[in-house]
Structures are given as C-alpha cells and as structure tokens.
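This report refers to the structure that appears directly beneath it.
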Amino acid sequence: MTDTANKTVKRSWLRSHGYKPKGFWGLMWILPGIVMLLLFSYYPPIRAILYSFTDWNGESAIWNGFSNYVALFKDTLFWKAFLNSVVLTLTGMVLGNVMTILLAELLHNSRFKKTSSIFRFFFILPCLVPGIVTMLLWANIIFAASDAGLMNTVLMKLHLIKEPLTWYYGTDTVLYSLILTGFPWVGGTSFLIYLAGLQNIPESVVEAARLDGISTFKRLIHIDFPYLLGQLKYFLILGVIGGIQNYNLQFMITKGGPNYSSMVPGYYIYYQAFNYGKFGYACSVGVFLFVLLLAFTIFTNKRMRTTEDIQ
C-alpha cells in the first residue's frame, strides 16, 4: 500500500472516530486569544474574589473569612455612595434615552434627507473628542465656581442668582452638576442605534397608522416604542452596568467630595485601596457590585425575553 493510500485510510479512521483536523487547526488559531482572555479577563476577577475574603494590604494577605462583607453591610459611607450612584444612573438613563429617542425621531421624520445626513454627522462628532477634554470643559468653563463661569454669568445676568454657585464644589449642588454634565445628552452613537430601529419599522405599518389618522404621540407609544424594545434593553443593561461602575468625574474633579456628597462605589473602591491600603476590602466591594449587576442582568434578560415571547 502506497503512502498516499495509508494517509487516506488514516484520515478515514480518524474521521470515523470523531476527529476533525480542520476544527483542530481552527482551535490552534484562536488559542492565543483564549489564553489572553483567560489571563487578562478572567484571572483578575477570580483573584479578586479570593482576596475579598482576606485582609490584604497589597503585599500580604491574611484570611479573615466574611469579615470584609460584614463590615461592608455596616459601612454607612458605602451605602451613601451606592445611593448617589443609583440617583446618577437613573437620572442619566432617563434623560439620556428620552433625549436620544427624541433626536432619532426628529431625524427619522425629517422631510429633508440631505439635512438629516448632515445633522447625523454633527451629532457623531463628539465621539472624536476625548472624554477628559469634555470633563475639563464642564469643570473649568461651563460650571466654573466663580463669577467668570459660563453658567454663573448667564444666571446672574438673568438675575436668577445673586452670588456665583459652587457647582461641583458645593454639597448642595454637586449631584445636580453631575447630572447636568453632558447636556443635552445626545452626542455619540446611541441615537444612530435608535435611528436604525426606527428605520426597521415596516412601511406598511406606518402607512396604515397614517390612514387611521393616528396622532404623533400615539404612534410613538403604540408603534415606535414597541419596535425599539431591543435597543432599550441594550441601553438599560449597559446603562446600569456603566452607571454603577463609573467614577470618571469623581476621579478627575470632585474626589468624592465635598463631604462625600459625590462619592460613588467605583471611586470608593479606588479610595479604600489606594488611600488606606485596604485592597481586600476594596475587592469585597467590587465582588458585591458584581453580584448585584449579574443578578440585574439575568433578571432583565429573563423579563424582556418573556415580554417578547408573549408578543
């Protein structure tokens, strides 16, 4: 039997026993990616879970069981930070999604398609600006805590205030300042996603609604909104995850102050780890947030899927 015939018989025997050479070589191609994923995406959180049960100062770790979690549930500062994060996340999601949907509706129903394309281009431009530039713009120009600040100047000219507001640096104004940052909350790619959802509405449905004389508001509620449920689910899950974890403005501007009025869980983890060296306790805060977000994601997926199945 020739070598070619031997190889053919061998391959036939391997295939008959479930061996797939092509699949094997495909696995070899993606193996580096799998290794990198395990090393940089899965190994750190697994280590964090283990360290959350220890008194770890960054050098040595002493096992202390659930002591970190017991202390966490008694930590009033953490719960204050968590409440601040919930307020910022809910207001940010409501304002951001409402304004974005309105913008998508305006562009979708615009009679001048060329003008609509130009507006899309201008609304996508903010994505090109680094986030740090935007934050510094709001902190040093728009919400500057002096009479030279843009908002203070406008409000004083309108005689709505007599003295400059402290904005990010005032206990009573810092949360409002964080909520208003980014106004009108429509820059980026989110409105393009909503716009794509509106464009997927069958033309026959829109024409039938027009023939029935449906009002714009009723069409928005009964036609457009149901077709945007997929996009809403996407932004709901990512919005909550990003909102609970976010601490960019706190890190760059407020430092969690004044008097912890702007403290959020993400910055609280950083604060405990690098200010006090409580790395183990910081890990326990991160694990607790992970469990909450995982439960929320599973619940939301289940509820949204059930609603779609019923429809």
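The values are calculated or read from the model by the stated rules, or taken from the named source; none is laboratory data. Note that the coordinates shown come from a computational prediction; the quantities given were computed from them, not determined experimentally. Every residue, glycine among them, receives a Cβ derived from its backbone with ideal geometry; neighbour counts consider all protein chains shown.
Only one entry in Phe122, Phe40, Phe73 is surrounded by fewer than 12 Cβ atoms within 10 Å (Cβ to Cβ), over 30 Å from Phe274 (Cα atoms) and among the aromatic types (Phe, Trp, Tyr), namely Phe122.
The helices (runs of 4 or more DSSP H) falling completely within segment 165-267 that include 3 or more residues that are modelled with pLDDT of 90 or more, β-branched (Val, Ile, Thr) and closer than 30 Å to Tyr281 by Cα map to 229-245.
Taking segment 233-263 as the search range and keeping residues that are among the aliphatic types (A, V, I, L, M) and under 11 Å from the mean Cα position of the chain (by Cα), which one is surrounded by the fewest Cβ atoms within 10 Å (Cβ to Cβ)?
The initial filter retains those residues of segment 233-263 that are among the aliphatic types (A, V, I, L, M), namely 236-238, 240-241, 244, 249, 252-253, 263.
Pick out the ones that are also under 11 Å from the mean Cα position of the chain (by Cα) and you get 236-238, 240-241, 244.
Numbers: Leu236: 17, Ile237: 16, Leu238: 13, Val240: 20, Ile241: 17, Ile244: 21.
The qualifying residue surrounded by the fewest Cβ atoms within 10 Å (Cβ to Cβ) is Leu238.
The condition of being β-branched (Val, Ile, Thr), free of Cβ contacts under 8 Å to residues at least 24 places away in the same chain and surrounded by 16 or more Cβ atoms within 10 Å (Cβ to Cβ) holds for only one of Thr216, Thr173, Thr181, that being Thr173.
Applying the selection to segment 59-101, what residues are small (Gly, Ala, Ser) and over 30 Å from Ile179 (Cβ atoms)? If you could, list the steps in order and put the result at the bottom.
If we filter segment 59-101 for residues that are small (Gly, Ala, Ser), which is where we start, we get 60-61, 65, 67, 71, 81, 85, 92, 96.
Across segment 59-101, the qualifying residues are Ser60, Ala61, Gly65, Ser67, Ala71.
Which of the residues belonging to segment 209-224 are among the acidic types (Asp, Glu) and within 18 Å of Gly197 (Cα to Cα)? Across segment 209-224, the qualifying residue is only Asp224. Considered as a group, the residues in segment 76-101 that are surrounded by fewer than 17 Cβ atoms within 10 Å (Cβ to Cβ) and over 20 Å from the mean Cα position of the chain (by Cα) include one that is farthest from Leu195 (Cα to Cα), and that residue is Thr76.
Of all residues in segment 185-205, those that are over 17 Å from Arg219 (Cα atoms) and of a type outside the set (Asp, Glu) have Cβ atoms under 7 Å from Cβ atoms of residues that are modelled with pLDDT under 85 and surrounded by 18 or more Cβ atoms within 10 Å (Cβ to Cβ), 6 or more apart or on another chain, in Val186/Phe123; Gly187/Phe123; Phe191/Phe123.
Counting residues in segment 43-62 that are among the aliphatic types (A, V, I, L, M), touching a residue at least 12 places away in the same chain (Cβ under 8 Å) and either assigned to a helix (DSSP H, G or I) or within 30 Å of Thr216 (Cα to Cα) (or both) gives one or more. Among the candidates Phe82, Phe121, the residue that is modelled with pLDDT of 95 or more and on the phi < 0 side of the Ramachandran plot is uniquely Phe82. For Asn301, the requirement of being under 18 Å from the mean Cα position of the chain (by Cα), modelled with pLDDT under 95, among the polar types (S, T, N, Q) and over 27 Å from Thr173 (Cα atoms) is met.
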